[in-house]
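Q: Take a look at this one; I'll ask things after.
Bear in mind that the values in this text are calculations on the coordinates, not laboratory data. Only a predicted model underlies this, so the values are computations on that prediction, with no experimental measurement involved. Cβ placement follows ideal geometry from the backbone for every residue including glycine, while neighbour counts extend to all protein chains displayed.
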Amino acid sequence: MTVTPAAPPKPHARRSWRLGDYLIYLVFVGICLIFALATPNFFTAQNLLTVLKQTSFIAIVAVGMTFVIITAGIDLSVGGVVALAGVLATMALMQWHLPLPLAALVGIATGLAVGAFNGVAITRFNLPPFIATLAMWFIAGRDGGLAFLLTGGQPIWNLPDRFTAMGTGGFRLLSWRDAAGNLINLELPYVVLVMLAVVVAGHVVLSRTAFGRHVLAVGANAEASRLSGINVRRVTFAVYALCGTLTGLSSLLLSARLGSGDPKSGMGMELDAIAAVVVGGTSLMGGKGTILGTLVGALIMGVINNGLVILQVSPYWQPVFKGAVIMLAVLIDQVTKKH
């Protein structure tokens with residue numbers, strides 16, 4: 001008997017409206033309103049830009065993680081990749097004396113190389129994604145690894161201003177003087193612009209291209225996708241390479257913001273990125289997710305961090321609130337999936 005797998009749904013197909021599809025956006029608005037009512041300092045232009053800036057590094061990584069998780073995979077290596085890519089980019093600039101564009105390319109290429117290695121381990125050697133990327137997490141820079149070996153555990157300092165400007169600079173939007181006569185400049189940070197560009201590009205690729213439809217199809221049913229003629233191995237390899245590349249980009253911007261190539265940077269970023277993706281509505285079982293949802297998920301985590309700091313909540317309580325939000329998001333995903 002010939003098996004004819006169902007074709008993946010077209011991205012423009014009409015479907016019935018469901019509350020679950022928009023619940024994450026309502027939750028985001030609700031959290032913002034709660035903090036706005038709790039403290040007058042939350043809804044200021046400076047603070048909102050601060051939230052965007054702090055969220056940008058995670059959001060860039062989370063875009064790549066969305067593609068991975070939609071295929072029912074996982075990438076635990078991104079924290080180590082952030083450390084390794086940042087170290088190599090700053091070494092290329094300060095010790096190898098490469099021009100800034102080439103040094104930046106070294107950082108991004110490092111992420112691509114690690115992501116490609118993960119993809120090969122998973123697609124060619126059939127290693128489970130959890131094991132393959134967990135191993136790479138240790139190799140790249142988890143409390144040791146290559147990032148620490150290359151630097152002796154010490155950050156690379158004294159980076160030139162033209163490098164740090166990528167992480168600290170921005171376009172001036174407004175200028176005014178406060179009551180004391182101090183000049184205040186409101187800038188749109190470069191990292192926010194890069195993040196928005198990555199989000200827009202990721203959204204277009206996932207929702208408007210054949211590759212995006214293949215990613216969704218592989219996550220929904222890999223065997224049916226293979227029978228449909230989709231090269232499952234190639235798609236899987238590509239999403240890990242993409243995640244690594246975006247992680248390298250985020251690492252470059254983070255090093256510029258910190259003003260150093262720190263082998264200890266990026267710790268915990270893999271969990272923050274996964275949390276943003278899951279909170280944003282992407283299913284850990286694969287086959288479902290959006291880039292816009294991931295952006296909102298990252299913003300929710302960023303708003304919670306920022307709001308709790310403004311309210312001077314104990315740092316010991318902050319992970320409790322974040323964990324509760326993640327658990328609630330997964331619970332909502334399971335409940336809405338059944339209806």
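Q: So what's the gap between the Cα centers of region 278-339 and region 158-177, to the nearest angstrom?
A: 30
Q: With +1 on each Lys and Arg Cβ and -1 on each Asp and Glu Cβ, how big is the dipole of the chain about its Cα centre, in debye rounded to the nearest 20?
A: On the way: 21 positive and 11 negative charges, 193 e Å.
Here the chain has a charge dipole of around 920 debye.
Q: Kirkwood Rh over Cα pairs of region 23-333 into Stokes-Einstein at 20 °C, 1.002 mPa s: D in µm²/s?
A: Numbers: Rh = 20.0 Å.
After rounding, the answer is 107 µm²/s.
Q: Suppose only helical runs count, i.e. DSSP H with n ≥ 4. What mean residue ellipticity at 222 nm does that imply for the chain under -39500 (n - 2.57) per run, divided by all residues and rounded to the nearest 500 deg cm²/dmol?
A: Calculated from helices alone, the mean residue ellipticity at 222 nm is -22500 deg cm²/dmol.
Q: With labels modelled as points extended 7 Å from the Cα through the Cβ direction, what inter-label distance (nm, one decimal) is found for Asn158 paired with Val29?
A: Distance between label points: 5.4 nm.
Q: What aspartates and glutamates could a cross-link reach from Lys322, if we take a straight Cα to Cα line under 12 Å and drop same-chain neighbours fewer than 8 places away?
A: Excluding near neighbours in sequence, the set is Asp272.
Q: Shifting gears a bit: Collect residues whose amide H, placed 1.01 Å from N in the peptide plane, falls under 5 Å from the amide H of Glu187; neighbours closer than 5 in sequence don't count.
A: Those lying under 5 Å, H to H, from Glu187 are Leu173.
Q: Okay, moving on. What is the distance in Å between the Cα centroid of region 203-223 and that of region 40-108?
A: 24
Q: Taking the simple approach of a point 7 Å from Cα along Cα-to-Cβ for both Ile310 and Val335, what is their distance in nm?
A: Rounded to a tenth, the inter-label distance reads 2.8 nm.
Q: Given a Förster radius of 25 Å and the C-beta distance between Thr50 and Tyr22 as r, what FRET efficiency does 1/(1 + (r/R0)^6) yield to the nearest 0.05?
A: Working: r = 27 Å, r/R0 = 1.08.
According to the calculation, E is roughly 0.40.
Q: Return the sequence-ordered ³J(HN,Hα) values of region 105-113 in whole Hz as given by the Karplus equation 6.51 cos²θ - 1.76 cosθ + 1.60 applied to θ = phi - 60°, using x for Gly and Pro.
A: Running phi through 6.51 cos²θ - 1.76 cosθ + 1.60 with θ = phi - 60° gives 5, 4, x, 5, 5, 4, x, 4, 5 Hz.
Q: Then there is this: Defining a contact as two alpha carbons under 8 Å apart and six or more residues distant in sequence, what relative contact order in percent does the chain show?
A: Relative contact order, the chain: 32 percent.
Q: Moving on to the next point. Give me the aspartates and glutamates in straight-line cross-link reach of Lys288: C-alpha distance below 13 Å, same-chain residues under 8 apart excluded.
A: The qualifying aspartates and glutamates are Asp21, Asp333.
Q: Here's a follow-up. How long are the three semi-axes of the equivalent ellipsoid of region 262-311, in whole Å, if each is the root of 5 times an eigenvalue of the C-alpha gyration tensor, listed from largest down? Spell out each step's value before the answer.
A: Working: eigenvalues 94, 52, 11 Å².
Three semi-axes, in Å: 22, 16, 8.
Q: Let me ask you something else. Using only alpha carbons, build the gyration tensor for region 18-141 and give me the equivalent ellipsoid semi-axes, biggest first, whole Å.
A: Largest first, region 18-141 gives 34, 24, 11 Å.
Q: Turning to a different aspect of this structure: For region 172-182, take each phi angle, set θ = phi - 60°, evaluate the Karplus expression 6.51 cos²θ - 1.76 cosθ + 1.60, and give the result in whole Hz per residue in order, putting x for glycine and proline.
A: 6, 9, 9, 9, 7, 10, 7, 4, 8, x, 7
Q: Same structure again: Return the FRET efficiency for the residue pair Ser175, Leu196: r is the Cβ-Cβ distance, R0 is 22 Å, and the value is rounded to the nearest 0.05. Each step should come with its number before you reach the end.
A: Values: r = 23 Å, r/R0 = 1.03.
It comes out at approximately 0.45.
Q: How big is D, in µm² s⁻¹, for region 194-339 by Stokes-Einstein at 10 °C and 1.306 mPa s if Rh is the Kirkwood radius over C-alpha pairs? Provide the component values of the computation, followed by the final result.
A: Details: Rh = 17.1 Å.
Here the translational diffusion coefficient equals 93 µm²/s.
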